[in-house]
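The values are calculated or read from the model by the stated rules, or taken from the named source; none is laboratory data. Predicted, not measured: the structure shown is a model, and the values here were computed from it. Please note: Cβ atoms are built from the backbone with ideal geometry, for glycine as well, and neighbour counts cover all protein chains shown. Accessible surface is based on the protein model in full, side chains and every heavy atom, while ligands, DNA and RNA are left aside. Shrake-Rupley method; radii C 1.70, N 1.55, O 1.52, S 1.80 Å.
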Amino acid sequence: DFKTGFGITLIPMNVANVKQVDRAAKPSFEIITPYKSFSFTAESEREKQDWIEALQQSIAETLSDYEVAEKIWFNESNRSCADCKAPNPDWASINLCVVICKKCAGQHRSLGPRDSKVRSLKMDASIWSNELIELFIIIGNKRANSFWAGNLPPDEELHMDAPAEKRIAFITQKYKEGKFRKAPFPYKTKEQLNKALCAAVVKQDVLETLMLLFSGADVMCATGDPVYSTPYLLAKKAGQRLQMEFLYHNKFSDFPNYDTSFESGFSEDSSHSTFLCEFLYKVSSNSTKLLTEKKLKEDCNKRWCTLESGFLSYYENDKATTPNGMLDINEVICLVVHNSEYFLNRGDIFTFEIYLTSERVFLFGAETAYSQRKWTWAIAKHFVPPVAECLLERDCDLIGQLYYKDCHNLDQWRKGWFAIEKSSLHFCLEMENAQEDSIYLRRLQELTISSVIQNGEKIDVLLLVEKGRTLYIHGHTKLDFIVWYTAIEKAAGTDGNALQDQQLSKNDVPIIVNSCIAFVTQYGLGSKHIYLKSGNSSNVAELLESFKKDARSVKLRAGKHRLEDVTDVLKSFLSQIDDAILTKELYPFWISALDMQNEKERLMKYGAFIRTLPPVNKATLAALIEHLYRVQKCSEINHMNPHNLALVFSSCLFQTKGQTSEEVNVIEDLIKNYVQLFDVGIFL
C-alpha cells in the first residue's frame, strides 16, 4: 500500500513490473501495471535499490506456489540448503537431487545446464511431477550429501553468509570436480560402472544410481538387451518410476570423471569452440513450405555432418573434403526438436528442423535421441545470446527468436527469445533488467491469430492473454510463424484425460467445468429437477468432444444448447477423467470422516483432505461445490436440496460405479458447509 495526500492506493503486484528511472535530480523508480503507471522518488540510491528489491520479491511471492516446497520440505533435511545450510531453501538442482537456497542457485546456474539444472520450488510448478517430488523426498539433502560431501573437511564447509566468489568456488569443487565425493564403489573401469548401473536401475535405491552415474557411469550405456537398450528403458521395463525420473533429468548431463568432450566429440567451453562430427540423415532444404513425413521418407540421405566455428557443414561421406553445403548458425531463427520418431526402412531416426532468416528450412535426423539432443543443444548454444542463456536449461521442443509487443510498450515491436517446454512458454524479452518469464499455455484466456499491415506488408500476429497479461508475437517469416503458432496451439490444448491436462481458466478450473457452471447458473437455477433430467446422448457426446478438442473455442448459448445436455456434459466429464476429483487415494479417508460425530471435528477433517488435493482438483472442487451451494439455495423452485444434489454428484466426484449412503453423506456435508470449508481462511 502506498500513501498519497488524499488516501491510500492499492497496487496489485501480481500484474505489476518495476522499472528503474534515470533522473538527474533524485533516484527514482516506477511501478507499471496494465492499467496505470506509478512514479516514486527515494531519498538515496541505496533506499531506491532496497525498495526495488522488496517490490520484486513481492511480485515473485504473488506468482509463487508454495505447495511443491511444502511437500519437498516434508523431508527435514530439505529444510536447509544442501551447500550452505541456509534455512528454507526454495530452489533445487533437479539432476543433482539437492535442494538449495537462492544464493547458491545463482552459482549453480553459472555451472551451466549440463552440470546443474536449476529450478524453483515455487515458480516452476509445471516441472514438478509427482515422481520428481517423491524423488526429492526419498533422497533428501542428507542422503545426497552423504555422497556429494562424504569427504568434506569441516574447515572447508560453506557458510550461509559466504561471498559469491567463495560460493562458486565451493560449488564448482563439490559438483563439477567432485572433490568431496565419497567413493563407495570398488569399480575401476567404465565398463564395470556401466554394468553396475544397469543392475541398479531395476531396483528401488535411486541413491545408488545417483552415485554410480556421478562416479563415471554412462547414462546412455549399452545394456546388451536389443529391446531395452538403455538404462532408462531397463528401469521402465522394471516399473521403477523414480529411477526413470532421475535418469530422464540426467540424460544430457556432464558428469565428473567422464571425459564427455573426448567421447562425444565436442567441448562446451564456448559456442565458437564447439565441434561435432557424425553421420546424420538430411533432407534437402525447402524454401516454400513446411517439411512433411512423406518428403522425409522420399528424400532422406545419410551425410557426414560437422559443426565447427558457427557453421554446420554436410558432406557426401566422411572421406569427402569439400562440403555439399553449409549453414551459418548465426542465421538460425528457430530450432524445432521432434519428440516423435520417424521410421524409415533403415530404422527409427530422431529429427530436428532448422529455420533460417532466408526462409530456408533444413531437416536432419539422428539415430539416437541422445545424439539428437547433443546436436540441437550445441546449435542452440551458438545462436541463443547470453541474455537468454537460461532458456537452454529447459528441455525445449522449440526455441528461437520472435518479435513481440506487451502491455509495457504497445507502440513498438521488439525482439525476444522464446522456448516451449511441455505446456509452458518461457521467454526473455528485450527489456532493461529483464529476467526469464513464462506463460502456462493451458491457462490462456485467449489465443487468437490476426493479420496487421506493417511497412506496407501484411503479417500474421498471435495474441496470448493469461491472467491479465497480454502478449503479441509474430515471426521473422511466414514459415517460422506457422511453426510457433502450431506448437503454441498444441501446447495450449488438452493433452490427456487427467484433470491437470485440460485447458484451464485463470482460476485453475478446467474451462469445460467453468463454462457448464456459468450456463446453468444463468439459465437453470430456477429449472425444476435440474441435474436430474437426462440430455440427448448424441448431443452430449458431440458437445463433450468439442470441449475436449478445444474448450476455449466452445461458447454455450441459450437456444443453441439445451440445459439438460449441458448438465449431462458436466457430469460425464467429472465421471470420465482419469482420477476422481476427490481422488481414489483419499476415498477411505473421506468416508472415515463420517465416524466423527462432532460436526466441527468432521469439518476439520474435510478441510485437511481438501488441502492435500492437487491444485487443479482443489480449485475445481471449490468451484463445483460453490455452484451446488447456489443451486440448493433455490431449492424451493428447483427442488434440488443438498441431499438430492449429493445423490447426483457423489458417483461423479468419487467415480464409483454405484453409490453408497456414506458417499452421499460426504457430498451433502460439503455442500451444506461450503461457506465454512471454502471461505474461511483456517481451511485454505
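Some notes on this structure:
- Short-range pairs are left out: with C-alpha atoms under 8 Å and at least six residues apart, the relative contact order of segment 398-492 is 26 percent.
- Counted by Cβ distance under 12 Å from residue 144, the other residues give a net charge of +4, where Lys and Arg count +1 and Asp and Glu count -1.
- Net charge of the neighbourhood of residue 454, taken over other residues with C-beta under 15 Å away and scored Lys/Arg +1, Asp/Glu -1, is +2.
- Based on Cα contacts under 8 Å between residues 6+ apart, the chain shows a relative contact order of 6 percent.
- Dipole moment magnitude, nearest 20 debye, segment 480-558 about Cα centre, only Lys, Arg, Asp, Glu C-beta charged: 460
- Over 20 Å between alpha carbons, listed pairs 458/478; 48/103; 71/122; 282/374: 48/103
- Its Cα centre serving as origin, segment 504-678 has a Cβ charge dipole (Lys and Arg +1, Asp and Glu -1) of approximately 560 debye.
- Centre-to-centre separation between the Cα atoms of segment 501-521 and those of segment 614-684: 16 Å.
- Gyration tensor verdict on segment 439-531 (Cα atoms; rounded if a/c is under 1.5, prolate if a/b is larger than b/c, oblate otherwise): prolate
- Among 81, 169, 68 - extreme Cα towards positive end, dipole of segment 66-176, charges at beta-carbon: 169
- The length gained on full extension between residue 326 and residue 238, counted as 0.36 nm times the residue separation minus their Cα-Cα distance, comes to 27.3 nm.
- Cα-based reach from residue 188 at 20 Å (exclusive), listing aspartates and glutamates while leaving out same-chain residues under 8 positions away: 177, 208, 218, 254, 259, 263
- Estimated FRET transfer efficiency when R0 is 56 angstrom, pair residue 357-residue 177 (beta carbons, to 0.05): 0.85
- Amide hydrogen neighbours beyond the local backbone of residue 579, cut-off 5 Å, H modeled: 499
- Three-way shape call for segment 190-249 based on the alpha-carbon gyration tensor, with the a/c threshold at 1.5: oblate
- In Å², nearest 10: area of residue 410 left accessible to a 1.4 Å probe: 90
- For residue 643 and residue 541, the FRET efficiency from 1/(1 + (r/R0)^6), where r spans their Cβ atoms and R0 equals 25 Å, is about 0.25.
- Label corresponding to Rg/Rh (Cα atoms, Kirkwood Rh) when calculated from the structure given, among (1) 0.98; (2) 1.76; (3) 1.50: (1)
- For segment 534-562 versus segment 170-204, the gap between their alpha-carbon centres in whole angstrom: 56
- A probe of 1.4 angstrom, applied to the heavy atoms of all protein chains, finds residue 159 with accessible area near 110 square angstrom.
- Net length gained if the chain between residue 528 and residue 39 were fully extended (0.36 nm per residue, minus Cα distance): 170.4 nm
- Charged side chains reduced to their Cβ positions (Lys and Arg at +1, Asp and Glu at -1) give the chain a dipole of some 760 debye around its Cα centre.
- Two-site FRET efficiency, residue 600 against residue 204, from Cβ-Cβ distance with R₀ of 51 Å, rounded to 0.05: 0.75
- Neighbourhood charge, 13 Å Cβ-Cβ cut-off, centred on residue 305 and excluding it, Lys, Arg +1 and Asp, Glu -1: -1
- Selection among 461, 324, 140 by position relative to the dipole of the chain gives 461 as farthest towards the positive end (Cβ unit charges, Cα centre).
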